[in-house]
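Participant: This is the structure I want to talk about, given as structure tokens.
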Amino acid sequence: MRGRTLLSTAWLVAGIVFPAGADEGYRARVRAWREDRETRLKADGGWLTLAGLSWLKEGRNGFGSDPAGDIVLPEGSAPPKAGVFELKDGQVTVALQPGASGRIVGESVTGPVTLRPDTAGSPDVLEMGALSLTVIERGGRLGIRVKDKNSPARKQFAGLKWFEVDEDYRVEARWVSHPQPKPVKVPNVLGQTESMPSPGYAEFTLGGTPVRLDGVLEDPRSEQLFFILRDRTSGKETYGAGRFLYADLPKAGKVVLDFNKAYNPPCAFTPYATCPLPPPQNWMPVRVEAGELNYGKGH
């Protein structure tokens with residue numbers, strides 16, 4: 001371990017002696033967090049179930065398992081012509097064809113129903129057997145996201161791989177707040193750029209190199225900071241487009257960044273996600289040999 005000397009009954013970290021059990025307790029908590037991360041990924045609504053994304057055109061958009069339809073659902077998962085999504089004046093409605101069945105919050109869908117997109121907070125979810133369909137909005141475009149409990153990605157999932165837990169990568173950083181949240185331009189895999197509010201940035205040193213990371217809020221009521229980052233392992237040991245990291249809101253001018261919990265965005269597992277990408281200022285000039293490895297490495 002970098003910066004550590006193993007004593008007979010204790011770890012020596014930065015000149016402070018901790019009981020040996022304290023380090024193992026930390027490792028156990030990180031391992032438990034990683035197990036929960038994998039459980040959520042594999043869950044019925046997890047990212048491994050993502051099976052399709054289709055952008056809507058103005059007017060009627062037919063959907064079903066028919067390969068000639070506007071929105072093609074997985075083979076055998078729905079009738080060939082299951083229904084129609086209609087986009088009109090920025091709103092999306094859905095109507096099912098006779099012989100197709102679906103439910104929204106447990107209620108059967110009969111006539112046309114207006115669907116709330118994900119930008120409205122809690123989107124409406126149309127459930128059709130193993131499928132769930134939601135409206136998403138990205139950069140002013142509206143689309144239909146399809147999740148399938150029987151997706152090949154879920155069935156073929158080989159498990160996550162991680163760097164060994166290293167407490168040197170649990171960093172207490174200085175937090176510098178902006179007087180007011182500052183808009184940060186965040187690109188995404190669709191080639192769009194969206195603005196996210198940043199209440200400030202973290203400053204710290206890693207391996208002797210100064211690092212600064214902008215934190216953003218996914219929602220004004222968020223209780224955690226969201227860091228979209230990449231480092232010099234990106235595209236090698238770790239996912240090329242970068243990784244995500246959450247941290248509790250700062251206290252007394254400090255924020256704890258635990259890179260052992262840095263993890264891959266959904267785009268590492270599916271081509272149907274709309275992941276944000278690290279803004280240029282969050283490209284770290286160091287190797288971060290901690291957190292989740294690129295999916296497929298070592299499998």
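The values are calculated or read from the model by the stated rules, or taken from the named source; none is laboratory data. Please read these numbers as outputs of a predicted model, since none were measured by experiment. A quick note on method: Cβ atoms are made from the backbone with ideal geometry, for glycine too, and the neighbour counts reach across all protein chains shown. Only protein heavy atoms, including side chains, enter the accessible area calculation; ligands, DNA and RNA are left aside. Shrake-Rupley method; radii C 1.70, N 1.55, O 1.52, S 1.80 Å.
Participant: Per residue, how much accessible surface does the chain expose to a 1.4 Å probe? Answer in Å², no decimals.
Facilitator: Numbers: 15440 Å² over 299 residues.
For the chain, the solvent-accessible area averages 52 Å² per residue.
Participant: Where the only charges are on Cβ atoms (+1 Lys, Arg; -1 Asp, Glu), what is the dipole of the chain about its Cα centre, to the nearest 20 debye? All intermediate terms of the calculation are to be shown ahead of the outcome.
Facilitator: Values: 38 positive and 35 negative charges, 93 e Å.
My answer is approximately 440 debye.
Participant: What's the magnitude of the charge dipole for the stretch 147-299 around its Cα centre, counting Lys and Arg as +1 and Asp and Glu as -1 at the beta-carbon? Answer in Debye, nearest 20. List each step's numbers first, then the result.
Facilitator: On the way: 20 positive and 18 negative charges, 81 e Å.
I would put it at about 380 debye.
Participant: Next up: For the stretch 57-186, what % of the accessible area comes from carbon and sulfur atoms, probe 1.4 Å?
Facilitator: Answer for the stretch 57-186: carbon and sulfur cover 48 percent of the accessible area.
Participant: Using 20 Å as the Cα-Cα cut-off, could you pick out the over-long pairs in K42/K155; K185/K236; K42/K185; K42/K147; K57/K185; K42/K261?
Facilitator: Values: K42/K155 9 Å; K185/K236 26 Å; K42/K185 31 Å; K42/K147 12 Å; K57/K185 27 Å; K42/K261 18 Å.
From K42/K155; K185/K236; K42/K185; K42/K147; K57/K185; K42/K261, over 20 Å: K185/K236; K42/K185; K57/K185.
Participant: Further question on the same structure: Extension gain L249-K182, at 0.36 nm per residue separation less the Cα-Cα distance, in nm? All intermediate terms of the calculation are to be shown ahead of the outcome.
Facilitator: Working: separation 67, 0.36 × 67 = 24.12 nm, distance 1.61 nm.
Working it through step by step, the gained length comes to 22.5 nm.
Participant: I've got another one for you. If we count GluC sites (Glu not before Pro) as exposed when they sit in a DSSP loop and have at most 14 other beta carbons within 10 Å, what is the longest stretch of the chain that avoids them all?
Facilitator: Working: sites that count: E58, E75, E164, E218, E223.
After excluding every exposed loop site, the longest remaining stretch is 76-163.
Participant: Now a separate question. Starting at the first residue of the stretch 109-114, write each ³J(HN,Hα) from the Karplus equation 6.51 cos²θ - 1.76 cosθ + 1.60 with θ = phi - 60°, in whole Hz, x for Gly and Pro.
Facilitator: Values, residue by residue: 8, 10, x, x, 10, 7 Hz.
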